[in-house]
Structure formats: structure tokens, C-alpha cells
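Some notes on the structure that comes next.
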């Protein structure tokens, strides 16, 4: 049955009464209430008036408003008088002790109808092979009619603000976590690593998964460029310290026992049973709804991630078409942050810079590719800069380009060795001249050693040394 008829007229009268008298219930039910659910034509008429008023004024009419509308809009005297009598009967209801039952049954019925319509619509989408839209249709039906939160009342919620707890997932960089980003990203927050091609964004996303594991937390990684095995090998290198090149060339599994031992040893000091799920999709071959469906499969198997990692946002296929690519990218990042809030977990991803962000030490927001607004959506943006001086020293400049968790526009220096997945953030600040001088000093030492070994002629060595001295000053 697709109407309230089975509940009887007295029940339907109370539905209209509570919609008018209980604004929270009205907000909850109006998005899923079809006036045609009422079995009496006069009830349908009043429900239509309430709906039209709600759409126009974003509120619910009072009984007085309803009476005024009926008096001014209804020309038929008999119909007008009947509706006015009905309004008075609704207003005069004496016993509302079953309010909770009426509200619960009304919402339940309306949600059932919303889900029924979603299933019918999904069948049509299935026939048209528009699979990506099915998730959105069903998700809307699932979330429709949920109790509405009026928001954070500032004065009344002082105590709540002082006692509310965050449950952040640390990045594994103590200096960053403890002093600058409130312990790490927490539920509903989005973090982006920003860098040029080859800057090491995917390596740092693997670092996030490793750090989560060491905190006893489960992460799921969606990879669009790197294969599942290749991503897993990076994590193997992180757990063991075995050079990644050795693991990549190990066709006989010589290092497998070391990896297993390292993982088991790590788990000895960890509460819980953490896991890392790696799911590969083709580049630009997956939409966000596809990943959401995969996550539902994981949950069905009892695997609920504490962190979601997307490698990386720019490679997700948009669900809507835009004339300009930058709008697609902005929409994708907005959806990622929305997903973080839906799941109540932090989401980490990455984004590409334009050429100005390549081979430079301090990468700033102005270099973000296609759409700077991507960064505006994120709660935290950390840029990775690696000019030649830093690369030669296995170092990187980490730059907090944007943060809702603390100070931003701060550079840091740390180790960045992709060969063994050795990443650290050691100190705040970056002195480019210091690293240039240090590199020149190392080159001078090497030139002297070559002369002593006899591998370089004195004339050539003298010329090289003079160039170095000119660079760093006598």
C-alpha cells in the first residue's frame, strides 16, 4: 500500500498536527513526504499547501497562515468551509500522547516509499547501463528523512567545545603531528599532498598508511597509477628498510620471510588487528561512487577503515561533465571531503602542481595544477619541494601551504629517501643557501680525494676547485 490509508484518518490528522507544531519533525519529513500519501483528498490539499509554503519560505506555516491561505485561495465556498473546519479539528487535537509512535511510523513509511522509488529508478538506470548513478540514487534514499541537526548553538555549547575529543590519525612525523596539526587528520577531514611529477606524493601516501598501521588502525588505499603489488612492495620497504630496488627485483621471494617477521614484530606492540587494503583501478577509469561501493563490500566483510587514501584525486573520473577541467577537479575534491564526513574518517589524497612547482624547493599554492580551489576545499595541504640540492642530499622541503588545524605557510626540512622509504621531518625552516654551500663543500672534498687517488689531473682538479670556491666564497 502506497498511502497512509492503513493508519486511519485519526492518525493522518496527527501527522499534519505534528508537522505544524514540531518544526524538527517537519524538517525531517518534508523532503520525503508526498502529499498523495494521504488517503483523504482534503488532507492532500492541506499537505500541498504546507509543501508549497515550505518550498517558498523554507519554513512551516502556522494554523493561522493555513486559514489565511484557504480563505484567499479557495473560491468554492463549500470546499473552503470544509478545509477551515478540518484545520480547526487538527488544531484542536487533545490527545497527542502517542506523538513518538506517530512520528516514527510516518518517517518509516516515507523512507520505505523513498527506497522503493529508488529501486525502481535504479532498474531504469541499470537498463541504460548508467551504473555510476545507481549508488547516488540509493544513497539519497538511505539518507533521506534522517533526523535534522539544527547545528551548534554557540552559547549553549561552551562545555561541549571544551570536552569534545578529536581522534586524529598521526602522520608519523612527530614534529608535524604534535606541534602543528593537532595530532593529525581526524574524522571528516581531508588532507592533500601537493607536488610535481616524481616529487614523491605516492610515497608519502604509503607513509600515511604505514603510520596508521603502527597506531593499530586500518587503512584502504585506492591506487590509479601504481599496481597493488608495487604499492605493497613500497610498504615492505618501509617495514623492513630493505631497498625498494632489491624488493622489485626479487623474483624468488628471498626477502619474504624478512617482511613477514618485520610485520609480526610491529604487531607485537600494537593494540588491535590493523590491516592495509590496496585496491587498484585504471587511471581515469573509476568514479567516486565505484570506490564507495567497494567500501561497502569491505564493511560487509567486517573491514571498516580508519583512514581512506586516494592516489590520487586528479585521476578520478568525474561523475559530471564540465566545460573546463578545473571545475571537474574542484568537484572531485569536494566530493572526497564529503566522503570523509560521510564515513567519519580522515581522507588523504594528492594533487599535481604545474611546471612552476617542479624542481623547486618551496612549493606554494600558486603552483597547483588546473584548480587552486582544490586546495581551498582541503583541511590540510602539505607541499613537497625537491630541487637538485635537496635531491642530492636525500632531503625534501615540506611546506604547510594551507591548514585549518594550526599555523600555515611554514617550511620544514627532513630526510626524503625513496630507496628505503625513509622519510622524516626534522626541523622547522629551510635555508636554501645552507644546502647549496653544503653540496659545494661535499664536491670540494670529493675533488680533493680524486687528486689524492690520482684519478683526476691536478689541472682539472684545480679548475673544479676554483669553480667551487667561487660558488661558496673564499
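The values are calculated or read from the model by the stated rules, or taken from the named source; none is laboratory data. Fair warning: this is a prediction, and the values are worked out from it, not measured in the lab. Here the Cβ positions follow ideal geometry from the backbone for every residue, glycine too, while neighbour counts run over all protein chains shown.
Within region 157-173, restricting attention to residues that are surrounded by fewer than 12 Cβ atoms within 10 Å (Cβ to Cβ) and modelled with pLDDT of 70 or more, the residue that is nearest to residue 399 (Cα to Cα) is 165.
For region 235-258, does any single residue satisfy the condition of being under 25 Å from residue 390 (Cα atoms), assigned to a helix (DSSP H, G or I) and within 23 Å of the chain's Cα centre (by Cα)? There is at least one residue in region 235-258 that is under 25 Å from residue 390 (Cα atoms), assigned to a helix (DSSP H, G or I) and within 23 Å of the chain's Cα centre (by Cα).
Please indicate, with yes or no, whether at least one residue in region 89-102 is more than 48 Å from the chain's Cα centre (by Cα) and touching a residue at least 24 places away in the same chain (Cβ under 8 Å). Yes, that holds for at least one residue.
With a requirement of 3 or more residues that are closer than 23 Å to residue 203 by Cβ and modelled with pLDDT of 85 or more, the helices (runs of 4 or more DSSP H) lying completely within region 282-393 that satisfy it span 325-343, 388-392. Residue 91 fulfils the conditions (1) surrounded by 18 or more Cβ atoms within 10 Å (Cβ to Cβ); (2) more than 22 Å from residue 36 (Cβ to Cβ) except for a single criterion, (1). Against the list (1) in contact (Cβ under 8 Å) with a residue 40 or more places away in the chain; (2) surrounded by fewer than 16 Cβ atoms within 10 Å (Cβ to Cβ), the condition residue 110 fails is (2). Go through the residues of region 420-427 one by one and say whether even a single one is modelled with pLDDT of 90 or more, assigned to a loop (DSSP other than H, G, I, E, B) and out of contact with any strand residue (DSSP E or B) (no Cβ under 6 Å at 6 or more places or on another chain). Yes: one or more hits.
Matching residues to (1) under 20 Å from residue 6 (Cα atoms); (2) touching a helix residue (DSSP H, G or I) at 6+ places or on another chain (Cβ under 6 Å); (3) modelled with pLDDT of 85 or more:
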position: 77; (1), (2), (3): no, no, yes
position: 81; (1), (2), (3): no, no, yes
position: 94; (1), (2), (3): no, no, no
position: 101; (1), (2), (3): yes, no, yes
position: 111; (1), (2), (3): yes, no, yes
position: 116; (1), (2), (3): yes, no, yes
position: 128; (1), (2), (3): no, no, no
position: 134; (1), (2), (3): no, yes, no
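Reported count of residues in region 397-417, each being buried (at least 17 other Cβ atoms within 10 Å of the Cβ) and touching a helix residue (DSSP H, G or I) at 6+ places or on another chain (Cβ under 9 Å), is 9. Taking the stated definitions as given, is residue 210 modelled with pLDDT of 95 or more, under 25 Å from the mean Cα position of the chain (by Cα) and not in a helix (DSSP H, G or I)? When the stated conditions are applied, residue 210 does not pass them.
For every residue, the table says whether it meets (1) within 27 Å of residue 315 (Cβ to Cβ); (2) surrounded by 14 or more Cβ atoms within 10 Å (Cβ to Cβ); (3) out of contact with any strand residue (DSSP E or B) (no Cβ under 6 Å at 6 or more places or on another chain).
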{"residue": "209", "(1), (2), (3)": "yes, yes, no"}
{"residue": "219", "(1), (2), (3)": "yes, yes, no"}
{"residue": "231", "(1), (2), (3)": "yes, yes, no"}
{"residue": "236", "(1), (2), (3)": "yes, yes, yes"}
{"residue": "245", "(1), (2), (3)": "yes, no, yes"}
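The residues listed here are 218, 197; of these, the one that is assigned by TED's automatic domain parsing to the domain that holds residue 314 and either at pLDDT below 95 or within 22 Å of residue 375 (Cβ to Cβ) (or both) is 197. Of the residues that make up region 49-58, is at least one buried (at least 19 other Cβ atoms within 10 Å of the Cβ) and touching a residue at least 40 places away in the same chain (Cβ under 8 Å)? Within region 49-58, none of the residues are buried (at least 19 other Cβ atoms within 10 Å of the Cβ) and touching a residue at least 40 places away in the same chain (Cβ under 8 Å).
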